[in-house]
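For reference, the structure is listed below as structure tokens.
The values are calculated or read from the model by the stated rules, or taken from the named source; none is laboratory data. As the structure is a prediction and not an experimental result, all values here were calculated from the model. Glycine gets a Cβ as well: all are built from the backbone with ideal geometry, and neighbour counts include every protein chain shown.
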Amino acid sequence: MSLWCSRDHPAPLVACSSRRRRRKVNAGDLSSWASLHEDLVSLIGWRVLAGDFRDYIRFRAVCPHWRSSTTCPRGRGILDPRFYPRGWMLLPEGRSLYPGHGKLHGYVRFFNLSTGAFVRVRLPLFKDHCVLYSVDGILLLQRDHDTAIRLLHPFTSDTAEFPPLETLLPQVRCRSEGSRWYSLRSIRGASISVGADGLVRVMMRPNDVWNICFATSGDQQWRVTTTWECSKLSSTLPFQGKLYVLLRPNSVRGEHEVIQIDPPQQEGMDIGSLSEPSPKLIAKFKWPTSDESYSLYYYRLVECNSEILVIGTKWDAVYYSVYRLADLMLGRIVHVTSIDGSALFIGRRSLCVSYKVFPTIVPDTIVMRETKIYLSQYHLSNGTLSQATDGVIAEEKDIPGPYSIMCHIITCCPPSYWNKGKILCKGLPTWKVKKKIRYGVSLTYSAMILLYFIYAYLGFTAGDAIFH
């Protein structure tokens, strides 16, 4: 409820339905709100911000006094995690209307997973950038011409500059150049933190890279962990500025491990001198099942209502088990049958959505793409499976519109569809424009070898031969 609209304090200005005239209210009501002590206004503002960033913007717009008594988020949108637009997700439009498409006229739509609100924002940056991932509402972008990474706050337009992706090519464990670029742009998890020195730090794990990659804003190249790697990684989750990874066991009946990776810290007095991200084992467990097909289970970490859940499922997606990481850390294995009415949409990344704001969503369910045919929902209370939406998933193109909100949400789970403006389908998602600079250099292997020797003869490096 708005602070202006309550039973005791009516709105100071009410629109007339016929002539749109406004009536005045008691001047005492208006002055009582405007005369609130600035410390109290600031305290209320922080409480509002804890709920939703857009509500905080509206709160500051009430009057000049409230605006001057609260902290302006512009310029602090990335440096201060309190201003992160948590819960907001870029909306995949469908029909290949990717952010930056000419038909969108520079606008991008976002929707809130907790409140159901929608907002349209003008973001000219997408003319020469594509989005790869999002963390707490902050977008991780790639600049087209040089593969530089940028963080973007969608509501304040604040940005932070990070090194080009091309500096990580030697770390990708793929042979072909196109596959290496595809893996680099397939981010499996990323986290954002701000150090005591005021610099922004990013940790991320691209596909087919066994090390954690990290950098500080303003760095010239990405660094990777050298003392340890995640070769048996099953799932990655960003949470409160850290990365959590779930590692598969070495044997079928071995123990799963959950590793907490703290962000890199400044070493000594040199600004930009960072220690490696430090891993810490926080939980070990064996999956509680007597099923002989134990090895057919897949496991993932999911954030739901400010806590981490561990979800296990068979590859045929007909049975799910949900446990709280907090219980596993204490050595307790307690099966979860309720997630406070929320619904989990799972894929390469997973989203927690409130059923209260989207009527088509059933509470305490897990929504997934079942056998690539249709959307299914697993009911935690009774262990049954049902179809979540009408119709089947299209073969190669988008599902014919109009789309259910559930189709939009599940499309956000695989970023390879989400960033291209497509609705989830069976076909491999591809860019309709800028294919060479958004998927990698489209050269045959023999052509790359030829260019390598030509550039080597002219005195250029191997990196020059590949990237220019």
**OP:** Would you check which residues across the stretch 266-288 are at pLDDT below 85 and not aliphatic (A, V, I, L, M) and list them?
**Re:** Gln266, Glu267, Gly268, Asp270, Gly272, Ser273, Ser275, Lys286, Trp287, Pro288
Original post:
For the stretch 315-342, which residues satisfy the criterion of being part of a strand (DSSP E or B), of a type outside the set (A, V, I, L, M, F, W, C) and farther than 17 Å from Ser386 by Cβ?
Top reply: Ser321, Tyr323, Arg324, Ser342
Original post:
Of the residues that make up the stretch 184-192, is at least one free of Cβ contacts under 8 Å to residues at least 40 places away in the same chain, within 20 Å of the chain's Cα centre (by Cα), within 30 Å of Tyr355 (Cα to Cα) and not in a helix (DSSP H, G or I)?
Top reply: no
Subject >> Among residues of the stretch 208-233, those that are among the hydrophobic types (A, V, I, L, M, F, W, C) and under 21 Å from Pro249 (Cβ atoms), counted >> reply: 5
**OP:** Would you check if Ser235 is at pLDDT below 90, small (Gly, Ala, Ser) and out of contact with any Lys or Arg (no Cβ under 7 Å at 6 or more places or on another chain)?
**Re:** no
Subject >> Output for the stretch 337-385, where each listed residue is in contact with a Cys (Cβ under 7 Å, 6 or more places away or on another chain), touching a residue at least 60 places away in the same chain (Cβ under 8 Å) and polar (S, T, N, Q) >> reply: Ser350
Subject >> Condition broken by Pro92, with the remaining ones in (1) loosely packed, with under 15 Cβ neighbours inside 10 Å; (2) modelled with pLDDT under 95 satisfied >> reply: (1)
Original post:
In the stretch 171-183, what count of residues is obtained for those that are outside any helix (DSSP H, G or I) and either touching a Lys or Arg at 6+ places or on another chain (Cβ under 7 Å) or at pLDDT 85 or above (or both)?
Top reply: 2
**OP:** Say whether the condition of being buried (at least 20 other Cβ atoms within 10 Å of the Cβ) and modelled with pLDDT of 90 or more is met by at least one residue in the stretch 314-322.
**Re:** yes
Original post:
Quick one: how many residues across the stretch 338-364 are under 17 Å from Tyr299 (Cα atoms) and of a type in the set (Val, Ile, Thr)?
Top reply: 1
Subject >> Residue selected from the stretch 347-371 under the condition within 13 Å of Thr411 (Cα to Cα) and not in a strand (DSSP E or B), by the criterion modelled with the highest pLDDT >> reply: Ser350
